[in-house]
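Chemist: Following this message is one structure expressed as structure tokens.
The values are calculated or read from the model by the stated rules, or taken from the named source; none is laboratory data. Bear in mind that the values here come from a model prediction, so they are computed numbers and not experimental data. So basically every Cβ, Gly included, is an ideal-geometry build from the backbone, and we count neighbours across all protein chains shown. Quick note on the areas: whole protein, heavy atoms, side chains included, nothing else; ligands and nucleic acids left out. Shrake-Rupley method; radii C 1.70, N 1.55, O 1.52, S 1.80 Å.
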Amino acid sequence: MADSTTQSVLFPELFDRPLIARFDRPHASSDGGAILLKAADRRLGLMDALAGCLRDPRDPAKVRHGLDELLAQRVYGLACGYEDANDAARLGDDPIHKLLLGRDAIAGDALASQPTLSRFENGVTRSELLRMSEALFETVLKRQTKRLRGKVRTITIDLDVTDDPTHGPQELAFFHGHYGHWCYLPLLAYLTFNDEPEQHLVAAMLRPGKAPTSLGALLMLKRLVGDLQERLPRARLRVRLDGGFAGPELLEFLDEVQVAYVVGLPANPVLERAAEALLAPMRVRSEVTGATEHVYGECRYAAKTWDRERRVVIKAEVVQHAGREPRDNPRFVVTNLKRAPRRLYEGLYCPRGEIENRIKELHHGLAFDRTSCTRFLANQLRVVLTAAAYVLMQEIRAAAARTSLARAQVSTLRERLFKLGVEVVVSVRRIVLHLPATFPFRDEWYGVAAALGARSG
């Protein structure tokens, strides 16, 4: 059907009588459950914190959409699955999206258009972006500290890099040989509190496509460690990184501030010789069992650029796959902890792999890689807004802890909690959302709503 503006369609022979489908309910929405986002933000205060970092240079007499509204419109839209500013053309009169911005669902003005949102994205300055990044971190830390009632024993800091493919003339986008496409390389930071399963996103820095893994990592770590040690001096900090971050300045900093670390090391001839005594019996064992075998050990090692020798834990592994020749797969981790090698590698270092799932959520659930603006700073703003949407979704997942959605991915949370047909009725005394009585995830929705402060009524 070429005409997308058609208000109704007819299926004359689909059932025992003609069926007509009409898009004619002006006060209805397909995002009826998204009011949970407003409840989550009321608990976090994230929208106000981010909006407080912005300065509006426009003439107040000519402003129809405040910067706080533009910011919230983009964040809530991202959380609902509308990653493009172009979606504003369809959502401008959506009653639920009006409610999310504090407007009257029926009589309130339409939301901002795509050109207005684009001007907003391109108008944010570098200093404002820095303040917004700080506000994101402070909001998450404040919320988690309150949730744990100040009983924060350990905080694990994870940094990781992901590729953000680009498809146009974006500033500082370059071809990356490893990934095989033009891209940006954002750097992300997560905090884990008291070995809980959730890893909380606290920082997202967009970087040029040719950036080495370590670019910006030391600066980000200094800020995170400094703030955490100041605000939670009794908490034990741990840093967990892969091999691309293992520069001498970073290790020296962590030793200087007495922060525990477990950092992967790339293999080199010296480390491979140290692993040989452990690998030899594993080759024999793997040949006998026909399976992958490994053992743990350790050594002392100092790269030429390091200021001292450090402890290196070795995982000496021989990989065995059917129909293939056995393959040596030694892994190395530098640390200042005294745990036994196996316990340190499997119990502390390996769980950092869960970060990959969090990054996939950002890409597949919130279109983190929709950095299609020409200006680099505008794309950095999009990264921050997506991070904010993810923080809201993490708060909703926490509220779903006693439901079947306790460990659901972002896309599943949106599908089962937000994408819900609703008709909105507004009277002088109240706003009523009429939702389907047959909604299959009604119990989960009730549970999340109650956890976010709703009462039976």
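Chemist: Being part of a loop (DSSP other than H, G, I, E, B), closer than 21 Å to Y190 by Cβ and either among the β-branched types (V, I, T) or open to solvent by less than 30 Å² (accessible area, probe 1.4 Å) (or both) is the requirement here; does L344 meet it? Spell out the reasoning first.
Modeler: Values: part of a loop (DSSP other than H, G, I, E, B): no; closer than 21 Å to Y190 by Cβ: yes; either among the β-branched types (V, I, T) or open to solvent by less than 30 Å² (accessible area, probe 1.4 Å) (or both): yes.
Criteria not met by L344.
Chemist: Mind checking which pairs have a first residue in the stretch 279-306 that is within 26 Å of E249 (Cα to Cα) and a second that is open to solvent by 50 Å² or more (accessible area, probe 1.4 Å) and of a type in the set (K, R), Cβ under 8 Å, 6 or more apart or different chains?
Modeler: Partner pairs satisfying both residue conditions: A302/R308.
Chemist: I'd like to check something: does the stretch 309-316 contain any residue that is more than 15 Å from G264 (Cα to Cα), surrounded by 14 or more Cβ atoms within 10 Å (Cβ to Cβ) and not small (G, A, S)?
Modeler: Pass one, the stretch 309-316, residues more than 15 Å from G264 (Cα to Cα): 309.
Okay, now just the ones that are also surrounded by 14 or more Cβ atoms within 10 Å (Cβ to Cβ), so none.
No: the stretch 309-316 contains no residue that is more than 15 Å from G264 (Cα to Cα), surrounded by 14 or more Cβ atoms within 10 Å (Cβ to Cβ) and not small (G, A, S).
Chemist: Among the candidates R382, R407, R430, which residue alone is basic (K, R) and open to solvent by less than 40 Å² (accessible area, probe 1.4 Å)? Write out each step before concluding.
Modeler: Details: R407 fails: open to solvent by less than 40 Å² (accessible area, probe 1.4 Å); R430 fails: open to solvent by less than 40 Å² (accessible area, probe 1.4 Å).
Result: R382 is the single residue among R382, R407, R430 that is basic (K, R) and open to solvent by less than 40 Å² (accessible area, probe 1.4 Å).
Okay, residues lined up against (1) hydroxyl-bearing (S, T, Y); (2) open to solvent by less than 80 Å² (accessible area, probe 1.4 Å); (3) in contact with a Leu (Cβ under 7 Å, 6 or more places away or on another chain); (4) under 30 Å from I359 (Cβ atoms):
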{"residue": "E415", "(1), (2), (3), (4)": "no, no, no, yes"}
{"residue": "L420", "(1), (2), (3), (4)": "no, yes, yes, yes"}
{"residue": "L435", "(1), (2), (3), (4)": "no, yes, yes, no"}
{"residue": "T438", "(1), (2), (3), (4)": "yes, no, no, no"}
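Chemist: Anything in the stretch 405-422 that is over 18 Å from the mean Cα position of the chain (by Cα) and basic (K, R)? List them, or say none.
Modeler: R416, K419
Chemist: Something else about it: Suppose we keep only residues that are under 22 Å from G264 (Cβ atoms), of a type outside the set (A, V, I, L, M, F, W, C) and under 18 Å from the mean Cα position of the chain (by Cα) within the stretch 157-184. Which one would you say is most open to solvent (accessible area, probe 1.4 Å)?
Modeler: Per the criteria, the residue is D163.
Chemist: Could you give every pair whose Cβ atoms fall below 7 Å, whose first residue belongs to the stretch 174-193 and is closer than 30 Å to E138 by Cβ, and whose second residue is open to solvent by 40 Å² or more (accessible area, probe 1.4 Å) and modelled with pLDDT of 95 or more, counting only separations of at least 6 or pairs across chains?
Modeler: That search, which allows pairs on different chains as well, returns P186/M205; L187/M205.
Chemist: Tally up the residues in the stretch 34-61 that are of a type outside the set (A, V, I, L, M, F, W, C), assigned to a helix (DSSP H, G or I) and either open to solvent by 30 Å² or more (accessible area, probe 1.4 Å) or at pLDDT below 95 (or both), please. Quick ask: steps written out before the conclusion?
Modeler: Filtering the stretch 34-61 down to residues of a type outside the set (A, V, I, L, M, F, W, C) leaves 38, 41-43, 45, 48, 52, 55-60.
Of the ones still in play, those that are also assigned to a helix (DSSP H, G or I) are 38, 41-43, 48, 60.
So of that shortlist, the ones also either open to solvent by 30 Å² or more (accessible area, probe 1.4 Å) or at pLDDT below 95 (or both) come out as 38, 42-43, 48, 60.
So the answer is 5.
Chemist: Residues of the stretch 433-453 being farther than 16 Å from K38 by Cβ and in a strand (DSSP E or B), which ones?
Modeler: Of everything in the stretch 433-453, just one residue is farther than 16 Å from K38 by Cβ and in a strand (DSSP E or B), namely H434.
Chemist: With (1) in contact (Cβ under 8 Å) with a residue 12 or more places away in the chain; (2) out of contact with any Pro (no Cβ under 8 Å at 6 or more places or on another chain) as the list, and I106 as the residue in question, which single condition is left unmet?
Modeler: Among (1) in contact (Cβ under 8 Å) with a residue 12 or more places away in the chain; (2) out of contact with any Pro (no Cβ under 8 Å at 6 or more places or on another chain), the lone unmet condition for I106 is (2).
Chemist: Would you mind finding the one in S404, S372, S411 that is outside any helix (DSSP H, G or I), out of contact with any Asp or Glu (no Cβ under 7 Å at 6 or more places or on another chain) and not hydrophobic (A, V, I, L, M, F, W, C)? Give the derivation first.
Modeler: Details: S404 fails: out of contact with any Asp or Glu (no Cβ under 7 Å at 6 or more places or on another chain); S411 fails: outside any helix (DSSP H, G or I).
Residue meeting the stated conditions: S372.
Chemist: Sticking with this one: From (1) more than 17 Å from A79 (Cβ to Cβ); (2) at pLDDT 95 or above; (3) under 14 Å from the mean Cα position of the chain (by Cα), pick out the condition that doesn't hold for A389.
Modeler: Looking at each condition in turn, A389 falls short on (1).
Chemist: Here's another thing I want to ask about it. Would the stretch 62-75 turn up any residue that is of a type in the set (D, E, K, R), more than 22 Å from S133 (Cβ to Cβ), more than 24 Å from the chain's Cα centre (by Cα) and open to solvent by 80 Å² or more (accessible area, probe 1.4 Å)? Talk me through it step by step, then tell me what you get.
Modeler: Within the stretch 62-75, the subset of a type in the set (D, E, K, R) is 62, 64, 68-69, 74.
Imposing the further condition that a residue be more than 22 Å from S133 (Cβ to Cβ) reduces the set to 62, 64.
Checking which are more than 24 Å from the chain's Cα centre (by Cα) leaves us with 62, 64.
If we keep only those that are open to solvent by 80 Å² or more (accessible area, probe 1.4 Å) too, we end up with 62, 64.
Yes: one or more hits.
Chemist: Taking only the stretch 317-336 into account, find how many residues are loosely packed, with under 14 Cβ neighbours inside 10 Å and out of contact with any Gly (no Cβ under 9 Å at 6 or more places or on another chain). Give the derivation first.
Modeler: Here is the first cut: in the stretch 317-336, the residues loosely packed, with under 14 Cβ neighbours inside 10 Å are 321-325, 327.
Remaining after also requiring out of contact with any Gly (no Cβ under 9 Å at 6 or more places or on another chain): 321, 323-325, 327.
Number satisfying all stated conditions: 5.
Chemist: For the stretch 286-301, which residues satisfy the criterion of being at pLDDT below 95 and buried (at least 16 other Cβ atoms within 10 Å of the Cβ)?
Modeler: Correct list: S286 only.
Chemist: Out of the residues in the stretch 255-281 that are more than 17 Å from E309 (Cβ to Cβ) and assigned to a loop (DSSP other than H, G, I, E, B), state the one that is most open to solvent (accessible area, probe 1.4 Å).
Modeler: My answer is Q258.
Chemist: Here is a follow-up. I need every pair where a residue in the stretch 1-29 that is assigned to a loop (DSSP other than H, G, I, E, B) and open to solvent by less than 90 Å² (accessible area, probe 1.4 Å) has its Cβ under 6 Å from the Cβ of a residue that is β-branched (V, I, T) and at pLDDT 90 or above, sequence separation at least 6 or different chains.
Modeler: Pairs that qualify, where the first residue is assigned to a loop (DSSP other than H, G, I, E, B) and open to solvent by less than 90 Å² (accessible area, probe 1.4 Å) and the partner is β-branched (V, I, T) and at pLDDT 90 or above, are H27/I106; H27/V424.
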